[in-house]
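The values are calculated or read from the model by the stated rules, or taken from the named source; none is laboratory data. Predicted, not measured: the structure shown is a model, and the values here were computed from it. Please note: Cβ atoms are built from the backbone with ideal geometry, for glycine as well, and neighbour counts cover all protein chains shown. Accessible surface areas use protein heavy atoms only, side chains included; no ligands, DNA or RNA. Shrake-Rupley method; radii C 1.70, N 1.55, O 1.52, S 1.80 Å.
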Amino acid sequence: MLKPSPTTALPAFTKIIPVLLAEDHMVVREGLKALLEAEGDIKVIGQAENGRIAVELARKLRPAVILMDIAMPLLNGLEATRQILKDLPTTKIILLSAHSDDAYIEQAASVGAAGYLIKQTSLAALSTVIREVHRGRPFFSPSIAKSLHSSNQKPPAREDLLKKKVAHLSSREVEVLQLVAEGKANKQVAAELVISIKTVEKHRQHLMEKLNIHDTAGLTRYAISAGIIESSVQLTIV
C-alpha cells in the first residue's frame, strides 16, 4: 500500500529526476504521478499503459529512471526492460511486482534492473529507491537481496531451469509468446507486431521447437510459469 511521505523543503539546487511510469492501470499511474511529484525532486515525464509503449517512450524521452510494472499487456516489464537497456544502457529501471518469488527476482536481476520492489511498499521507500538508483546504487530490499544471495548457493529447482529457457528466446519470440498466451490469434499478433501472418506462424513453430511444446495451451502454461504473463494485482493508493 503506497502512502505519501512527509513533504520537506528542498534546496534550490536540487536536481530534478525525470521518471517514466509504466503501469497498465490509469488510476494507479495518475496516483503515483501525483504522489511522486509532490516529493519535489521527481518529475514524471511520461506514462505508458503497456510494455511496447514503454519501450517507445523510453527511446523518445530518455528518462533517467523508469518505474516498470512487470505484469503488463502486449509486452511484459521484463522483456521491455531488456529492450530498453539494449538501447539506453545508462537508464535505471525499477521493476514493480506483486511477487517476491526467487524466480521473478532473479529474472529482474538478469535483465539488468537496477531495483525490484513489491507492490506493498510505501511512497517514502519508493521515492528513496528512485533517488538511490539514480545515483547508481542498485536497490533490492534486504529480504530480496538475501534471497538472491541464497539462490546462488543452491542447485536450481526444476521451475528455475524452466524459466532459464526464456534466455534462449529472441525478443521477437518472447513478444509472440506473450501475445499468444494472452489469447490472440495469428492475425491479431501479426497486426500488433506489424509483421505478416506467415512470419507469426514461423515464430510459433520456432517457439514450439525450442521449448518442446506442441500446442497453444502448453505455450500459455509455459508463459505463466516463466513469468512472461502473470495475474495482475492493482496497487492501492491512499
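Of the residues that sit in region 65-108 and are part of a helix (DSSP H, G or I) and among the small types (G, A, S), which one is nearest to V194 (Cα to Cα)?
A80
Consider region 58-68. How many of its residues are touching a residue at least 60 places away in the same chain (Cβ under 8 Å) and under 11 Å from the mean Cα position of the chain (by Cα)?
Result for region 58-68: 1.
What number of residues within region 188-206 satisfy the criterion of being open to solvent by 40 Å² or more (accessible area, probe 1.4 Å), of a type in the set (A, V, I, L, M, F, W, C), closer than 20 Å to E79 by Cα and part of a helix (DSSP H, G or I)?
1
Hey, can you tell me all the residues within region 128-187 that are exposed (fewer than 11 other Cβ atoms within 10 Å of the Cβ) and either on the phi > 0 side of the Ramachandran plot or at pLDDT 90 or above (or both)?
R135, G136, G183, K187
Can you pull out every residue in region 109-127 that is touching a residue at least 60 places away in the same chain (Cβ under 8 Å), buried (at least 16 other Cβ atoms within 10 Å of the Cβ) and not in a helix (DSSP H, G or I)?
Result: K119, T121.
Can you pull out every residue in region 32-87 that is surrounded by fewer than 19 Cβ atoms within 10 Å (Cβ to Cβ), modelled with pLDDT of 95 or more and under 17 Å from A114 (Cα atoms)?
R62
Among the residues of region 207-229, write down those that are loosely packed, with under 13 Cβ neighbours inside 10 Å and on the phi > 0 side of the Ramachandran plot.
N212
What number of residues in region 88-99 are open to solvent by 30 Å² or more (accessible area, probe 1.4 Å) and either hydrophobic (A, V, I, L, M, F, W, C) or in contact (Cβ under 8 Å) with a residue 24 or more places away in the chain (or both)?
3
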